[in-house]
1. Quick one: plug the Kirkwood hydrodynamic radius of the protein assembly as shown (C-alpha pairs) into Stokes-Einstein at 25 °C, 0.890 mPa s, and report D in µm²/s.
2. Would you mind checking the pairs A:Lys130/B:Lys165; A:Lys33/A:Lys130; B:Lys38/B:Lys79; A:Lys130/B:Lys79; A:Lys130/B:Lys19 and listing those with alpha carbons more than 26 angstrom apart?
3. Using Cα-Cα distances under 8 Å and only pairs 6 or more residues apart, what relative contact order does the range B:8-150 have, in percent?
4. Using DSSP, restrict attention to beta bridges with both residues in the protein assembly as shown and report what percent are antiparallel, rounded to the nearest 5.
5. Between A:Leu109 and A:Ala56, what is 0.36 nm times their sequence separation minus the Cα-Cα distance? Round to one decimal in nm.
6. In the range B:8-150, with Lys and Arg counted as +1 and Asp and Glu as -1 at Cβ, which of these residues, B:Ala90, B:Val26, B:Trp100, has the Cα nearest the positive end of the dipole, that is, farthest along it?
7. Please work out the FRET efficiency for the pair A:Gln80 and B:Ser95, using the Cβ-Cβ distance as r and a Förster radius of 41 Å; give the result to the nearest 0.05.
8. Just how large is the dipole of chain A about the Cα centre, in debye to the nearest 20, putting +1 at every Lys and Arg Cβ and -1 at every Asp and Glu Cβ?
Amino acid sequence: MKLQKATRCALFAILELASGQDRQLSANEIAEKYGISTNHLAKVLRSLGRVGLVEAVRGAGGGYRFSGNRRRTTLLDIIQLFETIDPIRNGEREDGDDTAEGKGLCQVLMEIEDTARATFASITLDTMLKLVEKNR
Amino acid sequence: MANPQVKQSERKCTVRLAKATDIPQVIAIDTENTGLSKAEYWEDLFERYNNRSIDTDDDTQPKSVKRYRFFLVACDGDKVLGFIIGEVRAWEFGSPPCGWIFAVGVRNNIRQGGVGHVLLEALNDRFRKAGVNKVRTMLARDDTLIMSFFRSQGMMAGPFIQFEKDL
């Protein structure tokens, strides 16, 4: 499974900012580490700011700071700000969906989507950061 | 989503095998957490897990080596804060002996205080003493709260896929 670019940027930014108590970083610093465009990241950070997950600190030495709750925010909370995990469950229709073959295919895809959703919904940022630490 | 990293202080508790007198509190915790009161179910579990064995209230070594079913409670004095139930099972689903966790519950008002972690570690210790080095559990896909707990303890999806069919 592949996540969209904006989603990956958001997850990287959040994990970076949430990894330390009161950690404050500029968009440039985050963009550089992950090799992503600062402009793109700035847009993503604005979206995260709108839902209260990050806050911008103004002035010299300003940047962004995580303002959510690491033990309550899940990967799904962030992912669904940028994309839909389960388009089929949400009723998005495609050609052939009404045929027996299409219905069978939808069942299979729904099983995959349900598993993906449950996985993302059960991993908090705190848990994800432990996983990151294990991979260092 | 506000209020970052508020971590409640780790709660002091002791973990031991459940006794008959703990069961009403276990039932109350489960009822509080699930909204369903199933007294008979818990009494039966206690009977099968902790009351049928010859070493009824002693899970210290060396007797615990022979023990493979565990109904544990975390207590603060006489107050039961939470419970966990597990069992070593072998060769079911083609699996070599491993520990299975069937149930875990902590009083609602002390969640995220470390009681679940202490219970899980105590059960894992007993599984290790019983000779297994793998622990598994099974969850409903929509039960993301308890799934989050197990994931926070380092558990990941296992190698089995559950199948079902309406009969």
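1. Stokes-Einstein gives a translational diffusion coefficient of 111 µm²/s.
2. A:Lys130/B:Lys165; A:Lys130/B:Lys79; A:Lys130/B:Lys19
3. 25
4. 90
5. 15.2 nm
6. About the Cα centre, the residue reaching furthest to the positive side is B:Ala90.
7. Step by step, r from the Cβ atoms, then E = 0.70.
8. In debye, rounded to 20, chain A gives about 860.
The values are calculated or read from the model by the stated rules, or taken from the named source; none is laboratory data. This is a predicted model, so every value here is computed, not measured. For neighbour counting, all protein chains shown are included, and Cβ atoms are generated from backbone atoms with ideal geometry for every residue, glycine included. The protein model used for the area step is the full one, side chains on, heavy atoms only, and it has no ligands, DNA or RNA in it. Shrake-Rupley method; radii C 1.70, N 1.55, O 1.52, S 1.80 Å.
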